[in-house]
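One structure is given here, and the rest of the page talks about it.
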Amino acid sequence: MNYNKKTVKDIDVKGKKVLLRCDFNVPQDKETLAITDDKRIRAALPTIQYLLDQGAAVIACSHLGKPEPSFEKWAKKQAEKGKDPAAITEEKWSKSLQALSLAPVAERLSELLGKKVIMADDVVGPDATAKAAALQPGQVLLLQNTRFEKGETKNDPELARKMAAMAEVYVSDAFGAVHRAHASTAGVAEYLPAVSGFLIQKELEIIGGALASPKRPLVAILGGSKVSSKIGVINNLLEIADTIIIGGGMAYTFSAAQGGKVGDSLLEADWEDYSREMVEKAAAKGVKLLLPVDTVIADAFAPDAKSQIVKSGEIPDGWQGLDIGPETVKLYCDAVKDAGTVIWNGPMGVFEFPAFAGGTKAVAEALSKTEAITIIGGGDSAAAVQQLGYADKMTHISTGGGASLEFMEGKELPGVACLLDA
Ligand code: ADP
Ligand code: MG
């Protein structure tokens, strides 16, 4: 697919101040706030480095977690959670915000760039404005968590205008946030020439290319917990894939829809009709749809639960399916062997429990051995592939969980739509 948006290469940034939206929403240790995985920071480096090499001054920004910028709303939520009223104080609220400061990101980014990253105390307040005004070409400033501003998630034009006023060019490279129309991901593009960075370009070229003109056969592997969270993906991939493989918790709804006994497995009874329709639709379209033929069941949802293997649709009461079985593994691994492209979204089982990670691991291994273009979307799927040690064997692991899902659903991404067309 031809990427049809302007990128940093299409715009002159020399001597200019560039507002760069990154996805620095990194996982942190709850106690020490240490960054536990810096892959999102690393993913932003090529664009930052390019802008610096071109002689730009970079004003980076990002959200981190879900801070509540209004004390009243925060207090209300705490009360609803049943917190002791004595503990619902402005001081505690302020601490909850401090825990989501981007300062640890500034530190890590400094290490990775080998250059000091200046940290602002606010987003568009006096500190950020002054530091942005004084910023020189080759320097990097990081604004505070964009969600500390009430207007961020509301895409408030006033906030967008203030952010834009600090810079002359807007570059978005926050693929993980492009499915949200927020002030820093879309609103600012109203006020500045807006282009994408290399990460967004790469994500859209690879995933978009696989959706628009895949090397065939295209095999889509869909799993994860619920059918209901994957409807859009299933609908869209059913239109373009040659084979669809269903695993994970959603498989039990398909099984129940065909009259199978699923015991205490994850079941969305409201979606049985839909599952049945999908099976019929696949048959009518000539899309091969594979469902598990056997399953690993457990007597509890626990890492040390007692387990056994049974045929699909024959799960006794008191037991629940937590992984695909060995016959299914064989079937699925066979189905990807000669694929041209594999798009995988959703683990095959509860991979977080080693005893039930076998199916996910086997599929990951099969993908690592194919010649196919292999694309992993979805936050948990990416984590699974990484955790199981196959990350470097895949063509592409998306950095955006929700964003990659919405992209695979065929939805327009507001953070991309707002950029200048090439
Ligand atoms: P992704 O983030 O890749 O889109 P999902 O969020 O849809 O994936 O699903 C991931 C979760 O699904 C994992 O936490 C995994 O434990 C869970 N899961 C997979 N199979 C089952 C199952 N059989 N029963 C319950 N949960 C499951
Ligand atoms: Mg998930």
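Summary of values
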| quantity | calculated |
| --- | --- |
| Low-density loop cleavage sites - trypsin sites (Lys or Arg not before Pro) in the stretch 63-103, where at most 15 other Cβ are within 10 Å (DSSP) | 81, 83 |
| Rule-of-thumb Rg ratio for the stretch 214-409 [Cα; 2.2 N^0.38 Å; N residues] | 0.93 |
| Theoretical FRET efficiency, 1/(1+(r/R0)^6), r = Cβ-Cβ of residue 308 and residue 338, R0 25 Å, to 0.05 | 0.15 |
| Rotationally averaged projected area of the stretch 4-43 (alpha carbon convex hull; nm²) | 4.4 nm² |
| Per-residue Cβ neighbour rank within 10 angstrom, fewest leading, 61, 418 | 418, 61 |
| Eligible lysines near residue 92 by straight Cα distance, threshold 19 Å, same-chain separation 8 or greater | 30, 66, 73, 76, 77, 81, 83, 150 |
| Gain upon complete extension [residue 269, residue 422; 0.36 nm per residue less C-alpha separation] | 50.5 nm |
| Candidate aspartates and glutamates - alpha carbon under 16 Å from residue 393, same-chain residues fewer than 8 apart omitted | 365, 371 |
| Unit Cα scatterers, Debye sum, the stretch 109-175: log10 I(q)/I(0) for q = 0.15, 0.16, 0.24, 0.27 Å⁻¹ | -0.51, -0.58, -1.22, -1.39 |
| Cα gyration tensor category, rounded, prolate or oblate, for the chain with a/c compared to 1.5 | prolate |
| Label-to-label distance, nm, for residues given as residue 330 and residue 226 (7 Å Cα→Cβ offset) | 3.5 nm |
| Shape call, the stretch 188-322: gyration tensor on alpha carbons, a/c limit 1.5 | prolate |
| Cut-off 18 Å, label 7 Å out along Cα→Cβ of residue 79, residues of the stretch 133-156 by amide N | none |
| Extended-chain gain in nm, criterion 0.36 nm per residue less alpha-carbon gap, residue 387 and residue 150 | 81.7 nm |
| Ellipticity estimate at 222 nm from DSSP helix runs (n ≥ 4, -39,500 (n - 2.57)) divided over the chain, nearest 500 | -11000 deg cm²/dmol |
| Two-decimal Rg to Rh for the stretch 359-422 - Kirkwood Rh, Cα set | 1.07 |
| Rg [Å, one decimal], Dmax [Å, integer] - the stretch 7-156, C-alpha atoms | 16.9, 56 |
| Relative frequency of Cα-Cα separations exceeding 18 Å in the stretch 132-206, percent | 43 percent |
| For the stretch 1-73, fraction of C-alpha pairs farther apart than 14 Å, in % | 70 percent |
| Sorted by Cβ density within 10 Å, fewest first, the residues 182, 63 | 182, 63 |
| The stretch 299-357 versus the stretch 207-266: alpha-carbon centroid distance in Å | 14 Å |
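Any read-out appearing in this document is the output of simple, stated calculations on the displayed coordinates, not a laboratory observation. It should be emphasised that the depicted structure is a prediction, and the values quoted were computed from it without experimental measurement. Positions of Cβ are generated from backbone atoms using ideal geometry, with glycine treated the same way; all protein chains shown enter the neighbour counts.
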